[in-house]
Amino acid sequence: MSLLPRPFVFVRHGETFYNRARIIAGRFDVPLTPDGEQQAINARDWLDEDWSYIAVSDMFRARKTAMLAVPNGRFHYFHGLRERNWGTLEGQAYRHPMPYVDTPEGGESWDGFRHRVLDVINTVLDQYERPLFVAHSGVFRVIRDAAIGTHEGPRVNNVSPVECLPPGRGQARWELRPLAENAFADMTE
C-alpha cells in the first residue's frame, strides 16, 4: 500500500517520561513531561493554520499535544494512528538497531502496523486537502517507508512538524521537509 499523492503535515507528540528515559512506550498510554507540554505550546507558531482536517492518534500523549499545539483545532481521533504494539519490548530500553521489520514477541508485525496506519492516512487524504496528523515516531517511520521506500533514518523529534509533499511541482519523488530546525534526531535509529 502506498500513500495517496496529496500534501499533509505530520507532528510527533511531545516528550514523554519514556522518551526522556529512552524506553519503548508502544501501547503504554504515558503522559507528556512538562517539557513535552511546552514543546507543544511552542509549536503553535508553525501550526497556526486553518487545517482542512486534524487527525490525531487516540493515545493520551498525542491528544494532549494536539490540544496544546492547536488550541482552537477540531480534532478527529483514530485508533489506527496509535503507536505500534511492541509486545514484550514495551517498557524496555531502546535497542540499537531497533528491530522495526521484525515481529516482536506478543507484538504487532511491521506489515500489520504499516497497513493500519496507511489505511487511516489514505482515508483522510482522499477527502481533505493538506491535513495535519498528530501521532508517533513509528507512524512517521511508516510514512517515510511509503514515501521514500525505507523506514530507516533518523527519528523524528518531538513536536517538530514535517511537511510531506508528493511528487510533482518539479520534484520526482516525495519530499519530507522539516518545518522547524532540528526536526530529526542526530542519530539514526
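The values are calculated or read from the model by the stated rules, or taken from the named source; none is laboratory data. Bear in mind the structure is a predicted one, so any value in this text is a computation, not a measurement. Note: accessible area is taken over every heavy atom of the protein model, side chains too, but ligands, DNA and RNA are not part of it. Shrake-Rupley method; radii C 1.70, N 1.55, O 1.52, S 1.80 Å.
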Leaving ligands, DNA and RNA out of it, report the carbon-plus-sulfur percent of the accessible area of the range 1-133 at a 1.4 Å probe.
48
Quick check on the chain: helices-only [θ] at 222 nm, where DSSP H runs of length 4 and up contribute -39,500 (n - 2.57) each and the sum goes over total residues. Nearest 500, please.
-9000 deg cm²/dmol
Per residue, how much accessible area does the chain have with a 1.4 Å probe, in Å²?
46
Rg followed by Dmax, in Å, when the chain is reduced to its Cα trace:
15.3, 45
Quick one, can you get me the convex hull of the C-alpha atoms of the range 118-189 expressed as volume per residue in Å³?
101
In whole angstrom, how far apart do the alpha carbon centroids of the range 149-189 and the range 18-76 sit?
18
Looking at the chain as a GNM with Cα springs under 10 Å, which of ARG82, ARG95, ARG63 has the largest mean-square fluctuation?
ARG95
